[in-house]
Amino acid sequence: METYGLETLGILNPSAVYRNLTPAQLVEKALARGEGKLNNTGALCVNTGKYTGRSPNDKFIVDTAGVHDEIAWGKVNVPTTQEVFDALYEKMIAYLQNREIFIFDGFAGADPKYTKAFRVVNELASQNLFIHQLLLRPTEEQLANFSSDFTIICAPGFKCDPVRDHVNSEAAIIIDYEKKMVLIAGSQYAGEIKKSVFSVMNYLMPKEGIFPMHCSANIGKDGDAAIFFGLSGTGKTTLSADPNRKLIGDDEHGWADDSVFNFEGGCYAKCINLSEETEPEIFRAIKFGSLVENVVIDEETRVPDYTDDSLTENTRVGYPVDYIPNAAIPGIGSTPKTVIFLTADAYGVLPPISKLNEKQAMYYFVSGFTSKLAGTERGITSPVPTFSTCFGAPFMPMDPSVYANMLADKVEKSGANVYLVNTGWNGTGKRMKLSYTRAMVTAALSGELEKAAFITDPYFGISVPTSCPGVPDELMIPANTWEDKDAYDAKAKELAKSFVENFKKYTKMPADVIAAGPKA
């Protein structure tokens, strides 16, 4: 039996080893093993059990001498010891003996100058299908000469003992940057594998002068690339899916001095309330070869109910990027000419679009702001400001200043324009129409917005255009949408203060960047 080098990991007695099976073969294996069911479009549907999303409290980084001074330790990057990692590794390897093993050997980083090779070892065929579709798939020649830079071992069937294993629950995600290995135990949620790859790339890429980004990216007919940062619910996927532009990727990218490139070969989209009318590309990508997580399907017809959140609101589908008709293959573009930070301000005081200078760009990038809304979570009765460092706090191992300085460097070298776009609310109490936001983004991408007159926002200091083609002038300035000007002032001051208080934790940010923020 060919083991493809599994013995180097200590897996000496697998019952079978399957390497880089085709999606059809992996679907067959998953069905035969009872891992899931096909829906009416042929997509493989699985239930991930207890873990239906990432488990941030179960993620650790091995604190070794070689990485200690590079990691921003804290609530996100939680240290563990080499001894804890090694002991868990031995137990997981013992668990995998005499089992079927699925290997995917592939790549992250579409620009061949910066590609990293990943070996992913799975106990589940369905998870192997997922990572096969999400990473960059090798050619036969590449596979024949494959040598991994990093190894990920994923065994959801192995349940940790929190006391014995010195972790927080039955699940654990531990990255050892020196051993170049990731352990994922106890969780079947496939996003843990994808985000482990991203966390590794966010550590490796800055060492090569590449700015790693949690963003989507697209490219126009003239080769003008744009990138879109934004937290969940701000419109990152929706706005980057532009019929007039090709999609480079929807989630994870690198910015080199001569390119922007997708880290992945696939997409991992939310399915909650999905419809063909609102998001046709994603809806039609759910077909044979896709992996659907925690979407309820009718047992008779196998028709999915995308409105059913009884298992989780975080229903997901993973599929290769070429399932999107206007995808840029390979996922490489020229250096971005436009950078867009998306936010959904429920306070109603941020302009629908504004232009940022270099220091402001660093400030708002590090802040990573959006709002939680009343009614979205128990106990939330009014908007709650939410900040996610660099628009991707859970996946950024280094200090935010590292990534902020790289953003500033890339923007300066490329001459890109940076805009803050509020897809949220204003003083009317209504959310900005998608058609208006699209018009503003289009004007920013084409350069048309630069022709407008700009004024300075009194609280946030950002430059606000007073007009934009396709958008009513009265919506451009937030204060003009409020009948009660005192109420506007109070809310603007409240949000500005939230920014200032949040930014105090960034102790390595320079004074001129701090000064570029809102005035409380």
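A straight chain from Asp86 to Thr278 at 0.36 nm per residue would run longer than the Cα-Cα distance by 64.4 nm.
Applied to segment 287-294, the Karplus parametrisation 6.51 cos²θ - 1.76 cosθ + 1.60 on θ = phi - 60° returns per-residue 3J(HN,Hα) values of 8, 4, x, 8, 10, 10, 10, 6 Hz, with x for Gly and Pro. For segment 81-104, the residues whose amide N sits under 17 Å from a probe point set 7 Å from the Cα of Lys180 along the beta carbon direction are 104. What FRET efficiency do you get for Asp309 and Lys221 if R0 is 45 Å and r is their Cβ-Cβ distance, rounded to the nearest 0.05? Efficiency at R0 = 45 Å is approximately 0.70. Rounded if a/c is under 1.5, else prolate if a/b beats b/c, else oblate: with a ≥ b ≥ c from the C-alpha gyration tensor eigenvalues square-rooted, which is segment 360-495? Judged from the Cα gyration tensor, segment 360-495 comes out oblate (a/c at least 1.5, b/c at or above a/b).
Once both axes come from the Cα atoms, what is the angle between helix 485-503 and the longest principal axis of the chain, in degrees from 0 to 90, rounded to 10? For 485-503 against the chain, the angle is about 40 degrees. The count of lysine pairs in segment 220-342 with alpha-carbon distances below 19 Å, taking only pairs 8 or more places apart or on different chains, stands at 7. For segment 11-155, the square roots a ≥ b ≥ c of the C-alpha gyration tensor eigenvalues yield an a/c of 1.5 or more together with a/b exceeding b/c, which makes the shape prolate. Database remark: amide H of Leu38 closer than 5 angstrom to the amide H of Cys45 (H placed geometrically; neighbours at sequence offset of 5 or more, or on other chains; Pro and chain starts carry no H).
Taking Cα atoms only, the orientation of helix 23-32 departs from the longest principal axis of the chain by about 60 degrees. The distance from the alpha carbon centre of segment 80-122 to that of segment 248-314 is 25 Å, rounded to a whole number. Assuming R0 = 35 Å, can you tell me the calculated FRET efficiency for the pair Lys433 and Asp298, based on Cβ-Cβ distance, to the nearest 0.05? With a Förster radius of 35 Å, E is 0.55. Each residue, Leu31 and Ala16, gets one label point 7 Å from its Cα in the Cβ direction; the gap between the two is 1.5 nm.
Multiplying the residue separation of Asn47 and His68 by 0.36 nm and subtracting their alpha-carbon distance yields 3.8 nm.
How large, in percent, is the carbon and sulfur part of the accessible surface of the chain at a probe radius of 1.4 Å? Display every interim value, and only then the final one.
Numbers: 10450 of 20600 Å².
Result for the chain: 51 percent of the exposed heavy-atom area is carbon or sulfur.
Computed from the Cβ-Cβ distance with R0 of 35 Å, the FRET efficiency linking Ile329 to Ala479 stands at 0.15.
Taking every alpha-carbon pair under 8 Å whose residues sit at least 6 apart, segment 63-166 reaches a relative contact order of 26 percent.
Summary of packing: across the peptides 447-454, 339-346, 37-44, the per-residue average of other C-beta atoms within 10 Å ranks them, highest first, as 339-346, 37-44, 447-454. The smallest convex shape that holds all Cα atoms of segment 176-247, its convex hull, gives 117 Å³ per residue. Per residue, the Cα convex hull of segment 107-195 amounts to 107 Å³.
Rounded to the nearest 10 degrees, what's the angle between the helix 82-96 long axis and the longest principal axis of the chain, both from Cα atoms, 0 to 90? Between helix and principal axis, roughly 50 degrees.
Judged by the ratio a/c of the largest to the smallest principal axis of the C-alpha gyration tensor, segment 1-94 counts as oblate, that ratio being 1.5 or greater while a/b is no larger than b/c.
Size descriptors for segment 72-118 (Cα atoms only): Rg and Dmax, in that order, 16.2, 39 Å. Taken along its principal axes, the alpha carbon cloud of the chain reaches lengths of 72, 55, 48 Å, longest axis first. Residues in the chain average 40 Å² of solvent-accessible surface per residue, probe 1.4 Å, ligands and nucleic acids excluded.
Gain on full extension, evaluated as 0.36 nm per residue between Ala487 and Val384 minus their Cα-Cα distance, stands at 35.4 nm.
Using just its DSSP H runs of length 4 or more, each adding -39500 (n - 2.57), the chain gives a mean residue ellipticity at 222 nm of -7500 deg cm²/dmol after division by all residues. Near Asp305, once Lys and Arg are set to +1 and Asp and Glu to -1 for all other residues with Cβ below 12 Å from its Cβ, the sum equals -3. Highest mean packing first, where packing is the average number of other Cβ atoms within 10 Å per residue, the peptides 224-230, 357-363 line up as 224-230, 357-363. Quick one: Debye curve from the C-alpha atoms of segment 277-335, no solvent, what's log10 I(q)/I(0) at q = 0.23 Å⁻¹? Listed by q, the Debye log ratios stand at -1.02.
The values are calculated or read from the model by the stated rules, or taken from the named source; none is laboratory data. Keep in mind that what you see is a predicted model, and the values were worked out from it rather than measured. Using ideal geometry, Cβ is built from the backbone for each residue, glycine included, and neighbour counts are taken over all protein chains shown. Side chains are part of the model used for accessible areas, which takes the heavy atoms of the whole protein and leaves out ligands, DNA and RNA. Shrake-Rupley method; radii C 1.70, N 1.55, O 1.52, S 1.80 Å.
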